[in-house]
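This report concerns only the one structure given below.
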Amino acid sequence: MDRIRIVGGAALNGSIPISGAKNAALPLMIASLLSDEPLTLENVPRLADISSLLRILQNHGVDYKIDGKKPGDAQTAGRTLHLHARDIVDTTAPYELVSKMRASFWVVAPLLARMGEAKVSLPGGCAIGTRPVDLLLMALESLGASIDIEAGYVIAKAPKGLRGAEIDFPKVTVGGTHVTLMAAALARGHTVIHNAAREPEIVDLADCLVKMGAKIRGAGASTIEIEGVPRLGGARHAVLPDRIEAGTYAMAVAMTGGDVLLEGARPELLQSALDALTASGAEITSTNEGIRVRRNGAGISPVDVSTAPFPGFPTDLQAQFMALMTRAKGVSRITETIFENRFMHVQELARFGAKIRLDGDAAIVTGVETLKGAPVMATDLRASVSLVIAALAAEGETIVHRVYHLDRGFEHLEQKLVACGARVERLAGQG
Ligand code: EPZ
């Protein structure tokens, strides 16, 4: 397994191109199953999760092609992916594939809506919490599907097709909203989603579905209305920029000091995180090219944050912000309200000398003057990158083990940081 070696202490200066959003690309790719015509997605990031999903889609019969690099394209330019689900050859998504990545469970919706049946492995537990799928199944049942669970598989059937319904989520769920959008797009009649997730990735999926011929109103608000259509066609759609990647690098700059342009980042996609960074002492400006983040020699101020569904502070930036707060001049309280167990980074941050105490769903961080490099272990995607942020500011050398977690969601991480002056290298092999 690869490791990453980081020697801390260098400020970050330069530009970082922001990739297409993993969490938008995944549901968009799954939406290709809804139509027998081709779906072309631009700005798709090169990530392990994208490759895993391609294997799953291929298993259902989706043909795909990735455009080669054109002369003059930057190494980091997003790729164009052509997906064509002309014939669905298999409506089963097996355990071996689904267990690698939770979002792949979402194939249940287009398979059911288009083919009238789907057999999809339950995704199982994951490091950040239990993450059940009960609300996704509730939505599909409301749309007229029968749901059985047998030997770890969800067997969903709707031989006469799905029908529109009123769905009121008791809790905001991104996956539940994606699944309902896809299923209701091909259901007979009218669907209303109450308490829908408002994340930008929901809007991106809805925009693409509308290009494919779906009738959707209100995506981005908490009530979404969908008028089902008998079939969907092909489309071309560019994946929106990754707000979590942008927020992560913004926090890295706030941590190390320096001046970095996050090329292509859109401030409206991560305003709550940018507000927290501003309160911590970073200077954030929007330009035509993206978001510019600066912090001069002044110290980092402590800021309390509490995660919440969009437009609140994203849970996917909680670990990174905690890394920043480990060097603040004072005490901050970071509350996690979305996932019950998303604090695995706390113990690893402690290895740098960070002072963090857990208090129920909150972490109390007492800033320290200096962090010291250490061997640390990546546990999940966002937790791992919080260790990279700590390492960039720590004295001496850090080795991050289990880097495959980072490869799931951060494209060209080392190259992007090195281009801004960080001392980061990948060590191939054992670890
Ligand atoms: C999406 O996961 C993201 N994944 C996550 O990013 C992100 O952390 C999360 O949304 C919250 O923003 C993708 O987009 C691929 P949820 P999702 O359904 O859809 C509970 C990353 O690092 N819940 O919004 O699975 C659930 O347990 C990942 O990129 C139920 O109780 O999250 C959680 O507490 C990690 N029953 C809350 O709702 C259900 O049926 C929100 O989960 C579904 C969810």
Q: Starting from 0 in steps of 20 Å, tell me what percent of the Cα-Cα pairs of the chain lands in each bin.
A: 27, 56, 18, 0
**Q.** Relative contact order (%) - the chain, alpha-carbon pairs under 8 angstrom, separation at least six
**A.** 22
Q | For the stretch 327-343, 3J(HN,Hα) per residue [Karplus equation, 6.51 cos²θ - 1.76 cosθ + 1.60, θ = phi - 60°, Hz, x = Gly/Pro] | A | 10, 6, 8, x, 9, 10, 10, 10, 9, 10, 10, 8, 10, 7, 9, 9, 10
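Kirkwood Rh over alpha-carbon pairs of the stretch 103-182, then Stokes-Einstein at 37 °C and 0.692 mPa s: what D in µm² s⁻¹, rounded to an integer? Show your work: numbers first, answer last.
Values: Rh = 12.7 Å.
It comes out at roughly 258 µm²/s.
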Q. Per the helix-only calculation at 222 nm, which mean residue ellipticity applies to the chain, given -39500 (n - 2.57) for every DSSP H run of n ≥ 4 and division by its residues, nearest 500 deg cm²/dmol?
A. -8500 deg cm²/dmol
Q: Report the normalised scattering of the stretch 211-355 as log10 I(q)/I(0) at q = 0.12, 0.15 Å⁻¹, calculated by the Debye formula with identical scatterers on the alpha carbons.
A: -0.59, -0.81
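Using the 2.2 N^0.38 Å rule of thumb for compact globular proteins, work out how the stretch 340-431 stacks up: its C-alpha Rg over that value, please.
On the way: Rg = 13.4 Å, N = 92, 2.2 N^0.38 = 12.3 Å.
Here the Cα radius of gyration is 1.09 times the empirical estimate.
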Q) What is the percent of Cα-Cα separations in the stretch 22-238 that go past 22 Å? A) 45
**Q.** In Hz, Karplus ³J(HN,Hα) per residue of the stretch 209-219 (6.51, -1.76, 1.60; θ = phi - 60°; x = Gly, Pro)
**A.** 4, 5, 4, 7, x, 6, 10, 10, 10, x, 4
(Q) Please arrange 39, 427, 136 by how many other C-beta atoms lie within 10 Å of their C-beta, fewest to most. (A) 427, 136, 39
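Over all directions, how big on average is the projection of the convex hull of the alpha-carbon atoms in the stretch 162-289, in square nanometres?
Details: hull surface 35.6 nm².
Averaged projected area of the stretch 162-289's Cα convex hull equals 8.9 nm².
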Q.
Could you identify which residue out of 214, 127, 206 has the top mean-square fluctuation in a GNM of the chain using Cα springs shorter than 10 Å?
A. 127
Q. What FRET efficiency do you get for residue 58 and residue 341 if R0 is 35 Å and r is their Cβ-Cβ distance, rounded to the nearest 0.05?
A. 0.60
Q. Just how far, in whole angstrom, is the stretch 329-358 from the stretch 1-62 if you go by their alpha carbon centroids?
A. 28
Q. Between residue 403 and residues 5 or more places away or on another chain, which pairs have amide H atoms under 5 Å apart, with H built 1.01 Å from N, and which residues are they?
A. 2
Q: Go from 0 up to the bin containing the longest alpha carbon distance in the stretch 216-257, width 5 Å each, and give me the % of pairs per bin.
A: 5, 14, 11, 13, 17, 12, 10, 8, 6, 3, 1
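When Rg is the radius of gyration of the Cα atoms in the stretch 267-337 and Rh is its Kirkwood radius, what does Rg/Rh come to? Mind dumping the intermediate values first?
Details: Rg = 12.1 Å, Rh = 12.6 Å.
Answer for the stretch 267-337: 0.96.
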Q. Long-range amide H contacts for residue 300: which residues qualify at under 5 Å (H placed 1.01 Å from N, peptide plane, sequence gap of 5 or more or a different chain)?
A. 329
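If each residue of separation counts as 0.36 nm, what is the full-extension length gain between residue 149 and residue 329 once their alpha-carbon separation is subtracted? Don't skip to the answer; put the middle values down first.
Values: separation 180, 0.36 × 180 = 64.80 nm, distance 5.18 nm.
Between residue 149 and residue 329, full extension yields 59.6 nm more.
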Q) Hey, fewest Cβ within 10 Å first, where do 215, 119 land in order? A) 215, 119
Q: Could you list 404, 153 in order of exposure, starting from the residue whose Cβ has the fewest other Cβ atoms within 10 Å?
A: 404, 153
Q | Highest-MSF residue in the chain out of 151, 219, 279 [GNM, Cα springs under 10 Å] | A | 151
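We did not get these values from a lab; they are worked out from the coordinates using the rules stated. Remember, it's a predicted structure, so these values are computed and weren't measured experimentally. Here the Cβ is made from the backbone with ideal geometry for all residues, glycine too, and neighbour counts use every protein chain on show.
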